[in-house]
Amino acid sequence: MTEPTRILIMTVGRGSPPLGLAEPLLQSIEAVDPQRIVFVCTATSQRESIEPLLKIAADRLAPIPHQIELIEEGDRINLDAMFDQVVRIMDKVVEAHADAEMHIDFTGGSKPMSAALVHAAMSRTAAFAH
């Protein structure tokens with residue numbers, strides 16, 4: 001029997017230039033060792049944290065498919081808006097990968113992003129490792 005695909009859903013904030021949150025994000029990715037990554041972030045976070053991450057860990061991350069789910073800048077501090085978006089993202093991922101082992105990392109985003117991701121995962125019927 002084959003192992004289920006591990007999918008990591010991560011909230012991503014801004015961090016500090018020039019690498020943003022690249023190093024902590026990489027540590028989380030390496031801890032889970034996913035076969036797919038879903039980044040939930042704003043366009044600013046994509047530019048300031050994900051793009052540096054993809055540069056400093058190009059060899060490590062190149063074979064891992066990833067998708068970026070962009071949220072509006074103002075929504076990153078709006079718990080209700082974040083919850084609705086994260087639930088929609090999670091449901092889409094679970095629907096596309098029903099047999100996958102889902103993991104979430106809520107440590108890299110704003111407090112509302114983190115709270116929304118935890119609440120959304122706890123509200124779903126699919127199993128999530130937190």
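Just for the chain, what percent of DSSP beta bridges are antiparallel, to the closest 5?
Numbers: 1 of 18 bridges.
Counting DSSP beta bridges with both partners in the chain, the antiparallel share is about 5 percent.
Report in % the part of the accessible area of the range 1-102 that belongs to carbon and sulfur, leaving out ligands and nucleic acids; probe 1.4 Å.
Carbon and sulfur together cover 51 percent of it.
Please state the shape class of the chain: rounded when a/c is under 1.5, otherwise prolate if a/b exceeds b/c and oblate if not, all from the C-alpha gyration tensor.
On the way: a/c = 1.95, a/b = 1.08, b/c = 1.81.
Cα axes put the chain in the oblate bin.
Run the numbers for GLU30 and LYS111: contour at 0.36 nm per residue of separation, minus the present Cα-Cα distance, in nm. Spell out each step's value before the answer.
Numbers: separation 81, 0.36 × 81 = 29.16 nm, distance 2.29 nm.
Result for the pair: 26.9 nm of gain on full extension.
Under the classification rounded if a/c is under 1.5, otherwise prolate if a/b is larger than b/c and oblate if not, where does the range 52-123 fall, given a ≥ b ≥ c as square roots of the Cα gyration tensor eigenvalues? Don't skip to the answer; put the middle values down first.
Values: a/c = 2.10, a/b = 1.28, b/c = 1.64.
Oblate is the answer for the range 52-123, as a/c is 1.5 or above yet b/c matches or exceeds a/b.
Using Cα pairs under 8 angstrom and six or more residues apart, how large is the relative contact order of the chain, in percent? Walk me through the numbers before you get to the answer.
Numbers: 229 pairs, mean separation 41.3, N = 130.
Answer for the chain is 32 percent.
The values are calculated or read from the model by the stated rules, or taken from the named source; none is laboratory data. If you're wondering where the values come from, they're calculated on a predicted model, not measured in any experiment. All accessible areas refer to the heavy atoms of the entire protein, side chains included, with ligands and DNA or RNA removed. Shrake-Rupley method; radii C 1.70, N 1.55, O 1.52, S 1.80 Å.
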